[in-house]
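Here's the structure, in structure tokens; my notes come after.
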Amino acid sequence: MASVNRGGLHSMEWQRYISASKNDTVDANLLTILELGGAPVKVFKLTLLSTVVIPALVSPGIAVGDTVLPTNVVNAVVGKPTLLPMAKPRTGSIQLAACNPCKVGDAAKTKGASSCLNPPARKIKMRAMVNPQSAQIASILPLADMHLHPDYTISPSQVREQMNHNGVQWAGSGVVTWPKNLEGRRDVWENYSRELGDRFIPFAGQSELNRVFQLGGSKAMADAEHPLVKTFLKELEADIEAGRVKGVGTYFINNLDTDDRPAFRRKVPGNASAIKAIYALVARYGSVLRVHLQQDQKTISQFETVMSSDRRGRVLWNQCGSTTSADQVRALLERHSNLYCEFSWRFPPVTRPEFADRYIFDQRGPMPEWLQLMEDYPDRFMFGNDGHPGEPYDCATIAVRRNLLPFLRPATARKIAFENTMRVFGLK
């Protein structure tokens, strides 16, 4: 029989690995030590065709009756991922051990060991049918995470390890450094760029513009003639021209209802002079401006005039608008060919249950209107996590692989996972 290795690949021990040799039979009795949230996972009998390692990820896979197929099988000899055929659910039900919606800081308090582990597996009614081809590739597609913040509290080497562990090939966003004495320091993203190389997608401006907001409020941040804004614009042009950054932002236009920190909330006109000046520079170089803009029709209408002023500039909309509906996003995508969405903070466990009305997908799969929107505009969506240090990055990334990608057409899954980001940002 196959031998059992209790060692995990990751210190958080969200995985258990079972090593087996050719022609071994792996049965349910042997694998009852595979625990997710303290509950044994029932695994089907399998005669192995080669030496393999079976990763028991957060999801045990798709169930047909009492049979649970593992999500993937990794060939231990050649080190390349291979897959077993994924069985389609007969009733539209899928047996899952869904990630707990971890609250901010929970993983840090428990050293990552328990707050993101799964409750016992259960059968739940899915919103859509799994695409068998997409299910086969969902666990091994490379990912480009368009909402991973460089942070002074976590080193680039730690981020690299986190990316490697989750199959994230590229990642980037604006610098998150809220303490006043750290705002405006560009050395954070410069250090990430130096250490991570082409795998990091650097953005300038989030930290710098937050400093303007801290010192002068929304009025200063919106004013292109403010001395700090003028200084930033000069630095920004030099950075874009030299290829040091791939884009600008995040510029927080309106986050009044989408941030837990009252002191961080703000709202500026969508057509403020500073936004116009930044976008004009972005358009001149064919770069990207990323914005945080929650649903607010007046502000969105103002910002539309900026987006339409020069289509050479592109806009990455954080969290697909945070509070927007699929219909509202659809209308904007129809009007603006240079608008793209990344869907971070719109799914559990990153988003807490009290904000479930903002979910684009959850343990039951994608919301039908969002699924249709992604299929109608497959070139305009990107993956984003927004899992800060101490939050469930691994758990959230697995949730995307389990609860969204398998429901898309294979071509759409590849585009959203990484191809759109590669194209827009010129990644290699």
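The values are calculated or read from the model by the stated rules, or taken from the named source; none is laboratory data. What you see is a predicted model, and the numbers here were worked out from it, not measured in a lab. Note that each Cβ is placed from the backbone with ideal geometry, even for glycine, and that neighbours are counted across all protein chains shown.
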The one condition in (1) buried (at least 20 other Cβ atoms within 10 Å of the Cβ); (2) under 20 Å from residue 382 (Cα atoms) that residue 198 fails to fulfil: (1)
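Could you identify the single residue in 379, 394, 327 that is among the acidic types (Asp, Glu) and in a loop (DSSP other than H, G, I, E, B)?
Being among the acidic types (Asp, Glu) and in a loop (DSSP other than H, G, I, E, B) holds for just one of 379, 394, 327, which is 379.
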Given the options 273, 309, name the one that is of a type in the set (Gly, Ala, Ser), modelled with pLDDT of 95 or more and out of contact with any helix residue (DSSP H, G or I) (no Cβ under 8 Å at 6 or more places or on another chain). 273
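For (1) more than 20 Å from residue 318 (Cα to Cα); (2) not β-branched (Val, Ile, Thr), each residue gets a yes or a no:
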position	(1), (2)
207	no, yes
210	no, yes
220	yes, yes
233	yes, yes
253	no, no
258	no, no
264	no, yes
Evaluate the following for residue 248: is it assigned to a strand (DSSP E or B) and either outside the structural domain of residue 194 (by TED's automatic domain parsing) or aliphatic (A, V, I, L, M) (or both)? yes
Condition met for residue 233 (within 25 Å of the chain's Cα centre (by Cα) and of a type in the set (A, V, I, L, M, F, W, C)): no
Residue among 233, 209, 256 that alone is hydrophobic (A, V, I, L, M, F, W, C), closer than 26 Å to residue 341 by Cα, surrounded by fewer than 20 Cβ atoms within 10 Å (Cβ to Cβ) and in contact with a strand residue (DSSP E or B) (Cβ under 7 Å, 6 or more places away or on another chain): 256
Across the range 241-261, what is the number of residues that are farther than 16 Å from residue 211 by Cα and either free of Cβ contacts under 8 Å to residues at least 24 places away in the same chain or touching a Leu at 6+ places or on another chain (Cβ under 7 Å) (or both)? 5
Checking the condition crowded, with 24+ Cβ neighbours inside 10 Å and part of a helix (DSSP H, G or I), which residue from 346, 414, 402 passes? 402
For the range 334-350, check the following and say yes or no: at least one residue is touching a helix residue (DSSP H, G or I) at 6+ places or on another chain (Cβ under 9 Å), modelled with pLDDT of 95 or more and under 17 Å from residue 140 (Cα atoms). no
